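Report on the structure given below.
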Amino acid sequence: MFISEFGACLTEAACTQEISQVANVSDDALVGWAYWEFKTYKDLTTSAGTGEEGFYNADGSLQDWKVKALARSYLMAAQGVPTLFNFDMESSAFEAEFTVDTSIQAPTILFASKEYYYPNGTQVTITVDGVELTTSQVEYFETDDNHMKITVTDSTLSGKTVRIVCVAL
């Protein structure tokens with residue numbers, strides 16, 4: 001399931017609340033979503049009228065508060081089947097769980113916005129059954145300021161639930 005558009009919202013408090021509520025419910029149900037709209041193009045279908053529902057104000061300046069609400073941490077890909085996503089906008093804490101399939105050679109990819117939520121970096125913990133995985137069981141590295149690749153390499157963990165917790169430093 002995928003929510004293809006929402007968010008013809010205009011003011012910081014109401015819009016941040018709407019984005020947070022839709023994204024939280026989507027996380028609870030493991031549903032993807034997309035915000036509407038990026039930039040105003042005289043959309044006749046909108047409920048926002050002539051308001052600035054996109055990321056930009058009429059003068060071209062960025063609505064940082066809106067981008068921050070949308071820049072939530074999430075798993076872009078999982079080395080298995082996702083079973084839980086949870087992001088807290090206030091604390092920047094993110095947690096995810098997935099049933100790992102070590103026959104999948106592609107990594108789990110975690111998006112965590114340094115600009116909006118983790119300016120001093122992140123602390124990422126990767127566990128199975130409450131026990132932190134070692135470097136002989138998992139490969140983990142940051143590919144840039146916002147992305148991390150995580151690959152479970154220990155085949156004895158296949159079918160287990162991997163828990164990833166990411167917090168701000």
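Would you mind checking the tilt of helix 12-29 against the longest principal axis of the Cα atoms of the chain, expressed as 0 to 90 degrees and rounded to 10?
The angle comes out near 40 degrees.
Within segment 64-78, list the residues whose amide N lies under 15 Å from a label point set 7 Å along Cα→Cβ of PHE2.
Only 76-77 pass the distance filter.
Rounded, prolate or oblate: pick one for segment 68-120, where a ≥ b ≥ c are the square roots of the eigenvalues of its C-alpha gyration tensor, a/c under 1.5 means rounded, and failing that, prolate if a/b is larger than b/c, else oblate.
prolate
Mind counting lysine pairs for me in the chain? Cα separation below 21 Å, and the two need to be 8 or more apart along the chain or on different chains.
Close lysine pairs under the 21 Å cut-off: 7.
Counting only residues 5 or more places away or on other chains, whose amide H sits under 5 Å from the amide H of LYS160 once H atoms are built in the peptide plane?
Distant-sequence amide H within range of LYS160: VAL100.
Please give the charge dipole size of segment 10-169, origin at the Cα centre, charges +1 on K and R Cβ atoms and -1 on D and E Cβ atoms. Round to the nearest 20 debye.
About 200 debye.
Give me the distance in nm between label points sitting 7 Å out from Cα along the Cα-to-Cβ direction at PHE141 and LEU10, one decimal.
About 4.9 nm separates the two model spin labels.
At 222 nm, what helix-only mean residue ellipticity would the chain give, in deg cm²/dmol to the nearest 500, using -39500 (n - 2.57) for each DSSP H run of four or more?
Here the helix-only value at 222 nm equals -4500 deg cm²/dmol.
Which value, in debye to the nearest 20, describes the size of the charge dipole of segment 48-105 about its Cα centre when Lys and Arg Cβ atoms bear +1, Asp and Glu Cβ atoms bear -1, and nothing else is charged?
So the dipole magnitude of segment 48-105 works out to roughly 100 debye.
How many nm is it between the label spots at GLU18 and ASP59, if each spot is 7 Å from the Cα in line with the beta carbon?
2.3
With θ set to phi - 60° and the Karplus curve 6.51 cos²θ - 1.76 cosθ + 1.60, what are the ³J(HN,Hα) couplings of segment 146-156 in order, to the nearest whole Hz, using x for Gly and Pro?
So the Karplus estimates, Gly and Pro as x, are 10, 10, 10, 10, 10, 10, 7, 9, 7, 5, 6 Hz.
Take the alpha carbon atoms of segment 53-75, find their center, do the same for segment 112-164, and report the distance between the two centers in whole angstrom.
Taking the Cα centre of segment 112-164 as reference, the centre of segment 53-75 is 27 Å away.
Just one of (i) 34, 16, 13; (ii) 50, 22, 16; (iii) 28, 19, 15 is semi-axes √(5λ) of the Cα gyration tensor in Å calculated from these coordinates, so which is it?
It is the value labelled (i).
Any read-out appearing in this document is the output of simple, stated calculations on the displayed coordinates, not a laboratory observation. This structure is a prediction, so every number in the text was calculated from the model and none was measured. We place every Cβ from the backbone using ideal geometry, glycine too, and count neighbours over all the protein chains shown.
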